[in-house]
Amino acid sequence: MNRPTASDLPLFSALEQSRNRVGFHMPGHAGGKGFASWFREAAWSFDNTEIDILDNLNDPQGAARRSMEQTAAIFGSAFTWYVPSGSTVGLKTAIGSVVPAGGRLLLSRVAHKSIIHALAELSIEPLFLTDVMRDDGLLPLPLAPIDTAGYEDIDAVIVTSPDYYGRLIDLKPFVRFAESLSIPLIVDAAHGAHLLVDPHLSKKSALAAGADLVIESAHKTLAALTPGSYLHISEKALASGRVNNERVQTILNVYQTSSPSFPIAASLEYAAWSLEKEGRLLHRKRVAEIEQFIASLPESIGAVRGSDRDPLRLVLDLSRTKMTTRRFQAELMHHGIDIEMADFRDLVLIVSLHQDPADFSSLLNAIEAILHLPEDEAKALDEAKTMAALTSDVLLTPPSIVCSMRHALFGDVKRQLVSIEEAEGLISSSVVSPTPPCIPLLWPGEIIEKKHLTLLQNVLPEGRMLSVIVPESVSEDGRHSC
């Protein structure tokens with residue numbers, strides 16, 4: 001068979017082109033460099049079905065169960081489920097296994113969109129933690145309640161640590177709060193699978209801090225195929241009865257495909273094994289390279305650092321430059337360098353444990369070249385500052401939900417697509433979130449306000465339409481309802 005052209009296989013062609021670029025983004029296997037040659041050569045033949053010798057990933061009894069138990073021992077959990085379908089499924093499984101339909105979940109406004117979808121699917125009522133801003137990112141961070149007054153009838157708590165910026169929160173107050181109510185603490189630790197080998201942060205990781213259910217996206221920072229994820233259950237969660245492993249399996253089978261990928265599962269096993277074998281050495285090397293890179297940065301580029309931050313999450317503050325992050329990211333792409341994301345102030349880069357040391361030189365050279373380009377207009381720079389402040393404002397405010405999320409997303413309502421300009425005062429019928437970081441700017445059932453539209457006009461592609469609910473009635477204050 002002749003080799004196909006790019007028009008024959010456009011996705012394959014694009015993937016081939018991406019192999020020649022420098023990547024500071026997930027997946028953590030760094031373009032396959034994290035896999036030993038013997039694993040790479042065999043991986044394609046691993047794609048198989050639930051024959052007896054392979055076991056069943058959704059009901060592990062043999063080799064798959066032994067593998068999950070070995071991985072649990074590495075991470076220090078009572079049991080670790082392989083979730084080849086990704087952390088979205090892991091989060092929904094964790095919530096569905098401990099929060100009943102119609103129950104109540106305490107969470108931050110800054111939560112991954114899969115959590116909001118789980119709330120809608122199960123008619124779970126959200127209660128919101130108090131979120132606070134820090135000066136090291138545009139996303140707020142949650143505070144643990146001081147006491148249990150007013151929270152006696154909640155079913156679980158969920159928080160995120162680390163977040164997209166690599167920031168960890170102190171989980172101990174959340175652990176104490178959850179234990180005082182005898183409810184589970186779920187931690188979305190999707191970005192923290194590698195913290196096991198960090199000598200300073202390993203004790204602050206979710207499992208070490210005492211969380212009950214922990215979701216880690218192995219593919220984000222380890223040598224695992226996308227979207228492989230772990231769902232860890234702690235020893236004390238099972239011993240206390242706050243979590244039932246059979247119930248977790250039941251809900252996992254609700255959300256996960258009945259044909260989970262064996263190659264992804266094998267990479268989850270490999271990721272844990274290789275992390276234990278060489279993770280600490282690789283971590284020391286990458287941290288040293290990052291320190292050297294930061295020391296070489298031009299004065300106008302700041303690196304956001306701190307003792308409660310993941311050192312492998314490289315966050316570059318461009319506020320002292322005369323260039324917007326959007327343009328800077330585009331110029332990096334022109335130089336053959338792709339990063340994880342940019343907000344209105346920072347560039348966020350994920351440094352893989354398996355990163356090629358030469359990538360830092362390429363990045364530094366590109367940054368120095370970009371800084372010699374003409375400056376952006378003052379209007380664009382001022383707009384970026386305004387959008388940065390607006391992002392924080394929107395994410396600090398709990399959503400104004402006037403229609404149940406389940407009804408807005410799945411109910412018998414009239415929906416229509418409208419332009420962003422036409423959406424003010426209407427009700428969102430879906431989650432609206434930029435990717436990354438998949439934090440909803442609008443929730444299903446939320447009233448769309450002018451501040452939302454101003455922000456969405458800056459983060460969504462031009463011409464994007466919003467799905468809204470056609471109102472059944474209008475209140476005296478002019479607001480629609482469903």
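The values are calculated or read from the model by the stated rules, or taken from the named source; none is laboratory data. Quick caveat: nothing in here was measured; it's all calculated off a predicted structure. Every residue, glycine among them, receives a Cβ derived from its backbone with ideal geometry; neighbour counts consider all protein chains shown.
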* Does the stretch 85-125 hold any residues that are charged (D, E, K, R) and either in a helix (DSSP H, G or I) or within 19 Å of the chain's Cα centre (by Cα) (or both), and which are they? -> Lys92, Arg109, Lys113, Glu121
* Asked: Looking at Phe177, Phe293, Phe262, which one is modelled with pLDDT of 95 or more, aromatic (Phe, Trp, Tyr) and outside the structural domain of Val98 (by TED's automatic domain parsing)?
  -> Phe293
* **Tally of residues being out of contact with any helix residue (DSSP H, G or I) (no Cβ under 8 Å at 6 or more places or on another chain) and part of a loop (DSSP other than H, G, I, E, B) across the stretch 8-28** => 6
* Asked: Looking at this structure, is Leu332 assigned to a helix (DSSP H, G or I) and either closer than 30 Å to Pro126 by Cα or without any contact (Cβ under 8 Å) to a residue 12 or more places away in the chain (or both)?
  -> no
* Mind listing just one residue for me: the one in the stretch 126-146 that is more than 20 Å from the chain's Cα centre (by Cα) and assigned to a strand (DSSP E or B) and, of those, surrounded by the most Cβ atoms within 10 Å (Cβ to Cβ)? => Leu127
* Asked: If you go through the stretch 164-210, how many residues are surrounded by fewer than 22 Cβ atoms within 10 Å (Cβ to Cβ), within 15 Å of Asp308 (Cβ to Cβ) and among the polar types (S, T, N, Q)?
  -> 1
* Asked: When you go through Leu332, Leu314 one by one, which is the residue that is of a type outside the set (Ser, Thr, Tyr) and more than 25 Å from Ala190 (Cα to Cα)?
  -> Leu332
* helices (runs of 4 or more DSSP H) within the stretch 369-482 that include 3 or more residues surrounded by fewer than 17 Cβ atoms within 10 Å (Cβ to Cβ) and not assigned by TED's automatic domain parsing to the domain that holds Asp188 -> 378-396, 450-459
* Under 6 Å by Cβ, and 6 or more places apart or on different chains, what pairs join a residue from the stretch 71-84 that is in a helix (DSSP H, G or I) with one that is among the acidic types (Asp, Glu)? -> Ile74/Glu276
* Asked: Quick one: which of Ala94, Ala111, Ala101 is surrounded by fewer than 15 Cβ atoms within 10 Å (Cβ to Cβ), at pLDDT 95 or above and hydrophobic (A, V, I, L, M, F, W, C)?
  -> Ala101
* Going by the conditions given, is Ala149 surrounded by fewer than 16 Cβ atoms within 10 Å (Cβ to Cβ) and assigned to a loop (DSSP other than H, G, I, E, B)? -> yes
* To do: Taking the residues in the stretch 290-306 that are free of Cβ contacts under 8 Å to residues at least 24 places away in the same chain and part of a helix (DSSP H, G or I) as candidates, determine which candidate is farthest from Arg167 (Cα to Cα).
  => Ala295
